Amino acid sequence: MRSGHPGLITLALAFLSLTGAAQQHGTSMGVGTAAGNSTIVVRVTYQQNHGPAAGMRVALISPLGGMADVRTTDGKGSASFENVSGGRYRVRITGPNIETKESESFDAGGSAAGPFVTENIEVKLTETAGVEPGPALTQNIPEAAKQEFMAGSKEMDKKHWQEAKGHFQKAIAAFPKYVDALNGLGLAEAQLQHGKDAVEAFRSATQLDPSLQQANLYLGQFYYDNAQYKDAEPYLLHAATDQPNSAQLLTALANSELQNGEIDRALDHARKVPSLPNHKQFAISHLIVAQALAGKGQDGEIAQEYEKYLKEAPDSPLAPRVKDALAKLKSK
């Protein structure tokens with residue numbers, strides 16, 4: 001006999017979204033000054049010779065694990081985030097021919113952190129890049145394309161999305177396999193809410209570099225929100241691998257796997273969620289586990305998952321349905 005409630009997960013999907021507008025459209029950290037907020041200054045240098053790492057993308061990771069904002073390092077390897085509210089943040093550095101680097105968590109905003117926070121990050125060149133930064137890193141990219149990319153990055157930092165888009169398009173026209181320009185174009189198109197164009201740019205970027213975090217997040221969310229779970233799964237998997245402690249990503253990934261009939265993978269990922277920070281916001285992971293166990297003769301475990309859900313989300317619109325499913329299960 002099939003256990004659980006057949007329509008429960010279908011209903012739950014209406015309430016489960018790969019949210020976090022920062023991951024799709026970016027999040028403004030505010031304009032002007034605000035009492036108790038901080039300016040975060042990130043200085044990026046190369047590990048091999050301690051020279052400044054220009055043109056690197058710096059992602060500010062919020063206390064909830066999503067991307068709060070992005071910047072590009074200037075010629076001195078610096079990037080700044082202004083008016084950051086209180087919380088514990090991280091920064092992730094990505095760029096051409098370097099290994100992705102993520103900082104330890106640090107405090108910003110509030111009375112303890114102070115008005116200015118400085119993070120010094122060293123990045124390591126990949127083995128194929130050589131030991132000296134500079135022209136050797138991008139020796140195959142025409143100078144005109146690099147100049148357009150840098151101009152586009154500066155416009156992105158100013159939130160001039162249309163202008164940035166134009167520069168990235170010119171960079172790509174000069175060098176069609178320019179991964180960072182394709183990724184930048186995707187970000188600009190996303191900010192302009194040109195969904196299809198953003199998808200096209202990000203897909204082109206990930207075909208050249210499957211590890212692009214921003215592209216994977218956007219594509220995963222786009223396909224997930226459109227219930228295209230087969231398409232969403234590989235991008236969500238890349239994103240979750242890069243952010244293994246994101247309850248949000250693991251929940252969406254587990255649900256995609258469930259919809260794709262990959263029951264064991266869905267169970268593995270959904271069962272990791274309760275041990276992560278902010279897991280109560282994704283109590284629906286318990287329903288994913290319950291649905292994955294349906295028909296396996298594990299009614300006792302399914303009942304436990306329903307009970308955990310009701311404990312963590314007692315006021316959820318789904319709670320009455322879950323209570324009904326639990327009562328029917330216990331009456332057998």
Quick check: is even one residue across the range 216-225 under 30 Å from Gln147 (Cβ atoms) and among the aromatic types (Phe, Trp, Tyr)?
yes
Looking only at the range 48-89, which residues are outside any loop (DSSP other than H, G, I, E, B) and farther than 27 Å from Ala240 by Cβ?
Pro52, Ser78, Ser80, Glu82, Asn83
Name the residues in the range 279-301 that are of a type in the set (A, V, I, L, M), farther than 13 Å from Ser316 by Cβ and either in a helix (DSSP H, G or I) or touching a Pro at 6+ places or on another chain (Cβ under 6 Å) (or both), would you?
Ile288, Val289, Ala290, Ala292, Leu293
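For (1) buried (at least 18 other Cβ atoms within 10 Å of the Cβ); (2) in a helix (DSSP H, G or I), each residue gets a yes or a no:
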| position | (1), (2) |
| --- | --- |
| Asp197 | no, yes |
| Ser211 | no, no |
| Phe222 | yes, yes |
| Pro234 | no, yes |
| Leu237 | yes, yes |
| Ala266 | yes, yes |
Give me a count of the residues in the range 90-100 that are part of a strand (DSSP E or B) and over 14 Å from Gln243 (Cβ atoms).
2
Residue list for the range 37-76, restricted to those being of a type in the set (A, V, I, L, M, F, W, C) and modelled with pLDDT under 80:
Leu64, Met67, Ala68
Scan the range 101-110 for residues that are part of a loop (DSSP other than H, G, I, E, B) and either of a type outside the set (Asp, Glu) or modelled with pLDDT under 80 (or both) and report the count.
3
All positions within the range 139-179 that are of a type in the set (A, V, I, L, M, F, W, C), assigned to a helix (DSSP H, G or I) and under 18 Å from Arg57 (Cβ atoms):
Ala145, Phe149, Met150, Ala151, Met156, Trp161, Ala164, Phe168, Ala171, Ile172, Val179
Residues being touching a residue at least 40 places away in the same chain (Cβ under 8 Å) and assigned to a helix (DSSP H, G or I): count how many of those fall in the range 239-264.
8
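The values are calculated or read from the model by the stated rules, or taken from the named source; none is laboratory data. This is a predicted model, so every value here is computed, not measured. We place every Cβ from the backbone using ideal geometry, glycine too, and count neighbours over all the protein chains shown.
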